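Written out below as structure tokens is the structure these notes cover.
The values are calculated or read from the model by the stated rules, or taken from the named source; none is laboratory data. Predicted model, so just to flag it, every value in this text is computed and none were measured. Positions of Cβ are backbone-derived with ideal geometry, glycine not excepted, and every protein chain shown enters the neighbour counts. Keep in mind that these areas ignore ligands, DNA and RNA; they rest on the heavy atoms of the full protein, side chains included. Shrake-Rupley method; radii C 1.70, N 1.55, O 1.52, S 1.80 Å.
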Amino acid sequence: GYLNDKKIALDQCKVTPRILAELVELVDGGTINNRVASELFARIAESGGSPHEIVEKEGLKQVSDTGALTKLIAEIKL
């Protein structure tokens with residue numbers, strides 16, 4: 001859908017099968033959520049790049065550790 005909306009031909013898309021597999025792996029592993037995956041897909045489709053590297057470099061990992069979340073909430077309340 002994204003490629004059609006942006007009128008990007010499949011042969012011009014920088015999302016290779018390997019990159020798509022990386023995105024799926026990041027979502028399945030709980031590292032990123034679907035919204036972040038969609039944003040990464042759009043970004044990579046036009047500019048290229050590695051999903052793993054972008055997630056690490058830009059701190060896009062989602063936090064699902066309840067202990068870490070509780071600590072962050074307590075810090076925010078202070």
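Grab the Cα-Cα distance for Ala42 and Lys77, subtract it from 0.36 nm times how many residues apart they are, and report the gain in nm with one decimal. Provide the component values of the computation, followed by the final result.
On the way: separation 35, 0.36 × 35 = 12.60 nm, distance 3.55 nm.
Result: 9.1 nm gained on full extension.
To the nearest 20 debye, what is the magnitude of the charge dipole of the chain about its Cα centre, counting +1 on the Cβ of each Lys and Arg and -1 on the Cβ of each Asp and Glu?
Dipole magnitude for the chain comes out near 180 debye.
Of (1) 13.3, 45; (2) 15.4, 52; (3) 14.2, 45, which is the value of Rg and Dmax of the Cα atoms in Å derived from the coordinates here?
Structure-derived value, by its label: (2).
If Lys and Arg each add +1 and Asp and Glu each add -1, what is the summed charge of the other residues whose beta carbon sits under 14 Å from the beta carbon of Val55?
Details: positive: Arg35, Arg43, Lys57, Lys61; negative: Glu22, Glu25, Asp28, Glu39, Glu53, Glu56, Glu58.
Neighbourhood net charge equals -3.
Trypsin sites (Lys or Arg not before Pro), restricted to segment 1-36: which are DSSP loop and have at most 10 other Cβ atoms within 10 Å?
Within segment 1-36, the qualifying trypsin sites (Lys or Arg not before Pro) (loop, at most 10 other Cβ atoms within 10 Å) are Lys7.
Carbon-plus-sulfur fraction of the accessible area of the chain, 1.4 Å probe, in percent?
Its accessible area is 54 percent carbon and sulfur atoms.
Which number gives the lysine pairs in the chain that have C-alpha atoms under 29 Å apart and are eight or more places apart or on different chains?
10
Rolling a 1.4 angstrom probe over the protein heavy atoms, how many square angstrom per residue are accessible across the chain?
On a per-residue basis, the chain sits at 73 Å².
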